[in-house]
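For reference, the structure is listed below as structure tokens.
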Amino acid sequence: MSQRGAATVLAVAMAGVLLLVGAATGVVGAIVVAHRRAQAAADLAALAGATSLAGAGAGHPGRDPCAAAAEVATANGASLVTCVVEGSDVVVEVRVSGPRWLGQDRDLAAAARAGPEGRSR
């Protein structure tokens, strides 16, 4: 029995495995980047809401904190899912679209809270 061409078959199989591993690594990298984008958008949206809420005191009309949070979330490529004012804190949850590969259709979410400094939570 001849073993001629066996190295070619092995090389093609290894190339296929490397291609699959590379693609999977790319998807994982895209998921990590999307989650970081979601967390950054949530942090900034919560800060915008808390800043707006703090500006509303002392006789100043201020702006709706959730409207400010939604505007900042949208500007950062996310959509505001929830916004709750808890005392002087603003708690938000945002969602960004995740990578679509091999039927993966889940979006990534992140939450953040912002409020005045110096209070224990």
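The values are calculated or read from the model by the stated rules, or taken from the named source; none is laboratory data. All figures in this text were calculated on a predicted structure; none of them were measured in a lab. Counting neighbours? That spans all protein chains shown, and the Cβs are built from the backbone with ideal geometry, glycine included.
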Count of residues meeting criterion [exposed (fewer than 13 other Cβ atoms within 10 Å of the Cβ) and either closer than 12 Å to Gly49 by Cα or in contact with a Phe, Trp or Tyr (Cβ under 6 Å, 6 or more places away or on another chain) (or both)] in the stretch 63-119: 2
Test result for Ala15, surrounded by fewer than 18 Cβ atoms within 10 Å (Cβ to Cβ) and part of a helix (DSSP H, G or I): yes
Sole exception among (1) among the basic types (Lys, Arg); (2) closer than 30 Å to Asp107 by Cα; (3) surrounded by fewer than 16 Cβ atoms within 10 Å (Cβ to Cβ) for Arg37, by number: (3)
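Conditions tested, residue by residue: (1) among the basic types (Lys, Arg); (2) at pLDDT below 90.
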| residue | (1), (2) |
| --- | --- |
| Ala46 | no, no |
| Pro61 | no, yes |
| Pro65 | no, no |
| Glu86 | no, no |
| Val92 | no, no |
| Arg95 | yes, no |
| Arg113 | yes, no |
| Glu117 | no, yes |
Failed item in (1) out of contact with any Ser or Thr (no Cβ under 9 Å at 6 or more places or on another chain); (2) surrounded by fewer than 17 Cβ atoms within 10 Å (Cβ to Cβ); (3) small (Gly, Ala, Ser); (4) outside any loop (DSSP other than H, G, I, E, B), with Ala48 passing the rest: (2)
